[in-house]
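The values are calculated or read from the model by the stated rules, or taken from the named source; none is laboratory data. Quick caveat: nothing in here was measured; it's all calculated off a predicted structure. Glycine also receives a Cβ, built like all others from the backbone with ideal geometry; neighbour counts cover every protein chain displayed. SASA here: full protein model, heavy atoms, side chains in, ligands and nucleic acids out. Shrake-Rupley method; radii C 1.70, N 1.55, O 1.52, S 1.80 Å.
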Amino acid sequence: SPRSPAGMLAVVAGLLLALAAGGRGSAAGDQESPPGSRFVCTSLPLDAAGAGCPVPMQGGALPPEEELKATVLQLRETVLQQKETIGSQREAIRELTGKLSRCESADGKSAAGTWKKELGKGKDTMGDLPRDPAQVIDQLSRTMQTLKDRLESLEHQLRANVSYAALPNDLREMLQRRLGDLERQLLSKVAELEDEKSLLHNETSAHRQKTETALNALLERVSELEKGNSAFKSPDEFKVSLPLRTNYLYGKIKKTLPELYAFTVCLWLRSSASPGIGTPFSYAVPGQANEIVLIEWGNNPIELLINDKVAQLPLFISDGKWHHICITWTTRDGMWEAFQDGEKLGTGENLAPWHPIKPGGVLILGQEQDTVGGRFDATQAFVGEMSQFNIWDRVLKAEDIMNIANCSTNMPGNIIPWVDNNVDVFGGATKWPVETCEERLLDL
């Protein structure tokens, strides 16, 4: 009957077979129907229990109940596989959507390219999947295109941000320009300072030159006043007085000697000191304190020293009267001559032969030098008066010496002349007006 279990089972079996055939053909894809065959299901009358659609048997080996159970299990497995596929696709969509959101919020991070590469590998969808496989594929395509567009937008924005950022080369050029500006400013400031320094130096030099000019004018004026107020009738009419035998009374010649190969020294002197008149003059140079010395000390005769070599002179001048003394010397064979009051009293040779007189020394009147300009010995000091101390750089003729001694010729020395402003006195030595040459002659 139509309500019998057998009839119901036949109807359900027919429906399930039709559904199984459609599921295997479209979704599962496990088995395919033979070409040109199809299954047709129609409603059957209630009384047609035994008749109806024939149920095809797979191999004809299993009974209908077993075949139905197998079909149901296969359908259930297919449905489960589709559910797993849909779940995995949804999980991939959620993962890719999260990565895309992080990429959009990353603002130029380098992972964007990697995320795009990962997005391109999977099938990405948004929302629920439709049940039709064709619609699923179409929606997946649209979703992938959307994701690609969004990724391209991100890459374009990233490139734009990088292009507008300060790259290292641009930063280097900017720093170089800034440093160049600072260097130019510094050089300009240095140039200004140099100009100010030069201007200040010029002003200082001009001020110094003006000051030196004023001082020189004052010195010249003072010299003129000193000459105008001098107690001497002429610059050479004075004498130096050394009245005591000490080691601190002396006179000093301001000028020095050049290198000499011959010389003549003449002077007027008066002394009555005993024993010996001492040292009328001495010339010392570095390394040789006795370069030229005229001395009479103790009971020794008057001696002439040249480079510490000694010659005794036949002069007698300790009688307290004025006497004119001249001494000549030449380096050739060390020849020397001694004149007193115009007469030659002695001559000799081999006194420091071939030795030139050294320049740059110190000439002292009245003391013998043990060092250049100092270390005087009181026992060798000159006591008396002297005047007309002159030096020439040649050997004067006997006639010239006679004319000087008898007052017929005034002949100052060409190396050391006897003038007031060339002689300084120290320690109590004094300058006085000297007797005339004729008065000195009468004293002889």
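What to note about this one:
- Any chance N307 is exposed (fewer than 13 other Cβ atoms within 10 Å of the Cβ), assigned by the TED database to the domain that holds S387, farther than 25 Å from M402 by Cβ and in contact with an Asp or Glu (Cβ under 8 Å, 6 or more places away or on another chain): no
- Residues (open to solvent by 10 Å² or more (accessible area, probe 1.4 Å) and outside any strand (DSSP E or B)) located in the stretch 250-273: K254, K255, T256, P258, E259, Y261, S272, A273
- L396 fulfils the conditions (1) more than 24 Å from Y261 (Cα to Cα); (2) touching a Ser or Thr at 6+ places or on another chain (Cβ under 8 Å) except for a single criterion, (1).
- Options W354, W336, W329, W297; residue that is on the phi > 0 side of the Ramachandran plot and hydrophobic (A, V, I, L, M, F, W, C): W354
- Inter-residue pairs, beta-carbon under 7 Å, first within 21 Å of D370 (Cβ to Cβ) and at pLDDT 95 or above and in the stretch 233-250, second open to solvent by 20 Å² or more (accessible area, probe 1.4 Å) and part of a strand (DSSP E or B), 6+ apart: Y250/F426
- Subset of the stretch 329-359 [part of a loop (DSSP other than H, G, I, E, B) and within 60 Å of the chain's Cα centre (by Cα)]: T331, A352, P353, W354, H355, P356, K358, P359
- Subset of the stretch 285-304 [open to solvent by 10 Å² or more (accessible area, probe 1.4 Å) and not hydrophobic (A, V, I, L, M, F, W, C)]: P286, G287, Q288, N290, E296, G298, N299, N300, P301, E303
- Only one entry of G342, G366, G374 meets the criterion of being under 19 Å from K252 (Cβ atoms), touching a residue at least 12 places away in the same chain (Cβ under 8 Å) and open to solvent by less than 70 Å² (accessible area, probe 1.4 Å), and that entry is G366.
- Check on K148, at pLDDT below 75 and not in a helix (DSSP H, G or I): no
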